[in-house]
């Protein structure tokens, strides 16, 4: 994957003054404000600086002035990935195995706001929440604005939203703009103390609706128009932070909750090539998402990292940057990447673990092993996932199988999972695995059969 593109370089040169921003700021705060921007159904192909098919100048500018990770993995559906990023724990520990697992999620889990509270942070949740149990306030958020469902934009879809426990009529307002205004009001009122915001955007979840900038009204244009509006909202947020003189004090994190959804995945290519899989698949396209950290004067400008990271890493990273301790007596699966955020080498993780329902895999830089023993050569990822025959004599493959199986044995997800899941995603994944087992051993397809 190319690290630089002409438009990306132009943005870097014009928008950020790279020489000065690479130097640590003398007045950088000990702990930053943190705004975690969680876009919906946004894979790498949605973002320009990743070689995506869409123009995203404001998000690209964050990457130009910050650090961009190329190997960030989220669970391939929104409910599980949100539980993971907020708790720092794998799904078999939290019980949030699928989008239908809210009742099974353990309500004694500790989320980011409670971790940051002892360090003096005031916290807010903005946007999508419905897959998770309870209200945001019951997880420690001081304030919140949430809506019901996914991909809500206008009152024709959802007439009301909930703000701090009260039902509010949307009227003729555009919900993403209402969310933005709530966010700006919150940070304005709390600009003199550290804050953390979990900002769960509506874009790019379907049903695609026109934006306030829509001109043609053609259905075929709606996806691109919404991608552009998502980018515009990021730009408006940056502008407001600068206006409030908070930019140098604020870490912005941009990512997606899972890969691009069916229907748009073919359009959201990377360097004009389709990624293997899509949202809901335990493939690259289901879990590989953009990840950008931008803290002016602290994150190196324009740096691109190939370090592996997954959604459990956010909680320990924010805790370290915020100067607070991790919860005691709780297994935190994440690895802090605070060092990389600051431009240091750190200790990158050697593998990532992904799960959806009763299906899972562990992946390192070159190989992937599923819970049923299927091994994949990932040298062509994210475009190609080559199946390795179970009786392969290749020494590298044999070593990878042993190494990754040891990780799964240590995690023991089958023994830890409390819920026996039989969701559509489970059945679909099982059919893929069975289909693979029936293939001739000598066959080595160009792409994983799971990508079909």
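Looking only at residues in segment 38-87 that are assigned to a strand (DSSP E or B) and either under 9 Å from the mean Cα position of the chain (by Cα) or free of Cβ contacts under 8 Å to residues at least 60 places away in the same chain (or both), which one is nearest to residue 281 (Cα to Cα)? This residue is 73. Summed over segment 178-215, residues that are closer than 28 Å to residue 259 by Cα, touching a strand residue (DSSP E or B) at 6+ places or on another chain (Cβ under 9 Å) and part of a helix (DSSP H, G or I) total 5. Of all residues in segment 333-356, those satisfying the criterion of being in a loop (DSSP other than H, G, I, E, B) and touching a helix residue (DSSP H, G or I) at 6+ places or on another chain (Cβ under 6 Å) are 333, 334, 335, 336, 337, 346, 351. Whether a residue is assigned by TED's automatic domain parsing to the domain that holds residue 324, surrounded by 20 or more Cβ atoms within 10 Å (Cβ to Cβ), in contact with a strand residue (DSSP E or B) (Cβ under 9 Å, 6 or more places away or on another chain) and closer than 23 Å to residue 208 by Cα was assessed, and residue 126 passes this test.
Set side by side, the residues 244, 237, 251 differ, and just one is touching a residue at least 24 places away in the same chain (Cβ under 8 Å), surrounded by fewer than 18 Cβ atoms within 10 Å (Cβ to Cβ), under 30 Å from residue 32 (Cβ atoms) and in the same structural domain as residue 189 (by TED's automatic domain parsing), which is 244. There is no residue in segment 197-205 that is modelled with pLDDT of 95 or more, in the same structural domain as residue 99 (by TED's automatic domain parsing) and loosely packed, with under 15 Cβ neighbours inside 10 Å.
Return a yes/no flag: does segment 155-177 have any residue that is assigned to a strand (DSSP E or B) and buried (at least 21 other Cβ atoms within 10 Å of the Cβ). Within segment 155-177 (the criterion being assigned to a strand (DSSP E or B) and buried (at least 21 other Cβ atoms within 10 Å of the Cβ)), the answer is yes, since at least one residue qualifies.
Among the residues making up segment 269-303, those that are within 30 Å of residue 242 (Cβ to Cβ), in contact with a strand residue (DSSP E or B) (Cβ under 9 Å, 6 or more places away or on another chain) and in a loop (DSSP other than H, G, I, E, B) are 295, 296, 298, 299, 300, 301, 302. Here is the figure for segment 357-368: residues that are without any contact (Cβ under 8 Å) to a residue 40 or more places away in the chain and either farther than 25 Å from residue 78 by Cβ or part of a loop (DSSP other than H, G, I, E, B) (or both) total 2.
The values are calculated or read from the model by the stated rules, or taken from the named source; none is laboratory data. What you are looking at is a predicted structure, and each value in this text was computed from that prediction instead of being measured. As a convention, Cβ positions derive from the backbone with ideal geometry for all residues, glycine included, and neighbour counts pool all protein chains shown.
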